[in-house]
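*Asks:* Below are the structure tokens for one structure; questions will follow.
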Amino acid sequence: MNRRNGTVPARIAAIATHLPDTVLDNDTLAADFPSWPAEKILEKTGIRERRVAAAQETALDLGCAAAAKLFATGTVRPDEVDFLLFCTQAPDHILPTSACIMQDRLGLPQQIGALDFNLGCSGYVYGLSLAAGLIAAGAARRVLLVTADTYSKYIHTRDKSVRTLFGDGAAATLVEAAPDTGCEIGPFVFGTDGSGAESLIVKAGGFRHPHSADTLIETEDRSGNIRSADNLYMDGGAVMSFTLREVPRAFRQLLAKSDTNVDDYDHIVLHQANKFMLDALQKKLDLTDDKVPRRFEDIGNTVSSTIPFVLAGLLEDGKLDAGTRIMAIGFGVGLSWAAVTIAM
Amino acid sequence: MSEFYEGLAEILEVEPSKLTSDLALDEGVWDSLAIVSTIALIDEVYDRTVSADALSECRTVGEIEKLVGSDS
């Protein structure tokens, strides 16, 4: 750990992504929601299609597929991984930990640590902080960070407020110690506001509100969306207000903490919520299009995997060469947010 | 035509010239997406955050203006 400014000599060595096969396009949604023609969905959300996991396909399956692709690149072998972090809000079971099952499925050594953490759209940046912390502490050298979610399983088919936005997907990121390379992860800025828990929530199914006949009761809101307590609910307005309030603040805090200014960054990678949110944020942060890469038109909002989907695209395009500096900001359900500076 | 009215006309999908304080926000148009977009518009034009709940209670354009506290 470089105590001067909270950086860790570590790097993102490889990223692989995975999407389920089933496509949910705007024509299909328009047939279900006659007030929203396909063109309007695209114009407003910026999303043309999303992927949806099959009935028997879980976040764990998607995450394993992403990790398998990462190993197939030859960057790292399974036996070289010494810690596994899995971020999901749709685990296979209440217990055991999905990451433990993943260790076995991926053929990772039994001498590794493995744990799940439950975060949504802020999860990738939090995962990087955990990975960097393990490396800084000397507890691990090669951390496999897997993000995967299947919000589709929580979404009511008659709720256009979320069905149009979210897509299922997964990413696997290898974070490894990189002393004396100039590569750095950090500093980080974190934020949490649990008073906004109800703004983005699947209310039932835990122990506060166990599944019951009552939690299956469907209600219709003012906009004509139908859902039950078992389904995902998003108060879009509250989430927009929170985002416009906290993300610019975290952005400025990170610039101050890392003693950088906007021009020092090649890319500002924001959580890919949707077009209208990114447009609003980008305006507020006064950032130009070329600085803020986007990837949601063909996959939607993949929750904790949106940032690695963008990073994977940049890697593929050769835009993350040595010396590149990026900022990543995740924000959403919790409410929870985090920002990080990464020197590649 | 103020920046706010232009933005609001786009969100409500009406001709800018048709937009007046008296215009009713009918349920078909004043949905969650319109409210979200209006929060972003108010933030952009007035650098002010309005509550989503209060905004969803508005039934006319004039009530939005009252909420913003502007005289545009």
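*Asks:* Could you check, for the range A:1-22, whether at least one of its residues is more than 14 Å from chain B (Cβ to nearest Cβ), among the small types (Gly, Ala, Ser) and assigned to a helix (DSSP H, G or I)?
*Replies:* No - not one qualifying residue is present in the range A:1-22.
*Asks:* For the range B:44-59, how many residues meet the condition of being of a type outside the set (Gly, Ala, Ser), more than 10 Å from the chain's Cα centre (by Cα), facing another protein chain (nearest Cβ under 8 Å) and crowded, with 18+ Cβ neighbours inside 10 Å?
*Replies:* The qualifying residues number 1.
*Asks:* Still on this model: Do you know which residues across the range A:61-96 are among the aliphatic types (A, V, I, L, M), within 15 Å of the chain's Cα centre (by Cα) and closer than 30 Å to A:THR157 by Cβ?
*Replies:* Of everything in the range A:61-96, those that are among the aliphatic types (A, V, I, L, M), within 15 Å of the chain's Cα centre (by Cα) and closer than 30 Å to A:THR157 by Cβ turn out to be A:LEU62, A:ALA66, A:ALA90.
*Asks:* Out of the residues in the range B:4-43 that are within 12 Å of another protein chain (Cβ to nearest Cβ) and either β-branched (Val, Ile, Thr) or touching a residue at least 40 places away in the same chain (Cβ under 8 Å) (or both), which is farthest from A:VAL239 (Cα to Cα)?
*Replies:* Per the criteria, the residue is B:VAL29.
*Asks:* Given the conditions (1) more than 22 Å from A:SER199 (Cβ to Cβ); (2) out of contact with any Leu (no Cβ under 6 Å at 6 or more places or on another chain), which single one is not true for B:LEU41?
*Replies:* Going through the list (1) more than 22 Å from A:SER199 (Cβ to Cβ); (2) out of contact with any Leu (no Cβ under 6 Å at 6 or more places or on another chain), B:LEU41 breaks only (1).
*Asks:* If you don't mind, there's one more thing I want to ask. Just to be sure, is A:PHE117 more than 14 Å from every other protein chain (Cβ to nearest Cβ), surrounded by fewer than 19 Cβ atoms within 10 Å (Cβ to Cβ), under 17 Å from the mean Cα position of the chain (by Cα) and not hydroxyl-bearing (Ser, Thr, Tyr)?
*Replies:* yes
*Asks:* Please determine, by comparing only the residues of the range A:234-252 that are within 11 Å of chain B (Cβ to nearest Cβ) and free of Cβ contacts under 8 Å to residues at least 40 places away in the same chain, which one is nearest to A:ALA328 (Cα to Cα).
*Replies:* A:PRO248
*Asks:* Among strands (runs of 3 or more DSSP E) lying entirely in the range A:48-158, which contain 2 or more residues that are among the small types (Gly, Ala, Ser)?
*Replies:* Of the strands (runs of 3 or more DSSP E) lying wholly inside the range A:48-158, those with at least 2 residues that are among the small types (Gly, Ala, Ser) span A:113-117.
*Asks:* Confirm whether A:VAL310 is out of contact with any Pro (no Cβ under 6 Å at 6 or more places or on another chain), surrounded by 17 or more Cβ atoms within 10 Å (Cβ to Cβ), of a type in the set (Val, Ile, Thr) and within 24 Å of A:GLY186 (Cβ to Cβ).
*Replies:* It is false that A:VAL310 is out of contact with any Pro (no Cβ under 6 Å at 6 or more places or on another chain), surrounded by 17 or more Cβ atoms within 10 Å (Cβ to Cβ), of a type in the set (Val, Ile, Thr) and within 24 Å of A:GLY186 (Cβ to Cβ).
*Asks:* Scan the range A:184-233 for residues that are aromatic (Phe, Trp, Tyr) and either under 17 Å from B:VAL36 (Cβ atoms) or touching a residue at least 60 places away in the same chain (Cβ under 8 Å) (or both) and jot them down. Outline the logic, then answer.
*Replies:* Taking the range A:184-233 as the starting set, the residues that turn out to be aromatic (Phe, Trp, Tyr) are A:188, A:190, A:207, A:233.
Scanning the range A:184-233 gives A:PHE188, A:PHE190, A:TYR233.
*Asks:* Filter the helices (runs of 4 or more DSSP H) completely within the range B:27-72 down to those with at least 2 residues that are under 23 Å from A:ASP286 (Cα atoms) and out of contact with any strand residue (DSSP E or B) (no Cβ under 7 Å at 6 or more places or on another chain).
*Replies:* On the way: elements: B:32-46, B:52-57, B:61-68.
Output list reads B:32-46.
*Asks:* What number of residues within the range B:10-48 satisfy the criterion of being in contact with an Asp or Glu (Cβ under 7 Å, 6 or more places away or on another chain) and within 25 Å of A:GLU39 (Cα to Cα)?
*Replies:* 2
Read the figures in this text as sums done on the coordinates, not as results from a lab. Nothing here was measured: the structure is a model prediction, and the numbers come from that model. Here the Cβ is made from the backbone with ideal geometry for all residues, glycine too, and neighbour counts use every protein chain on show.
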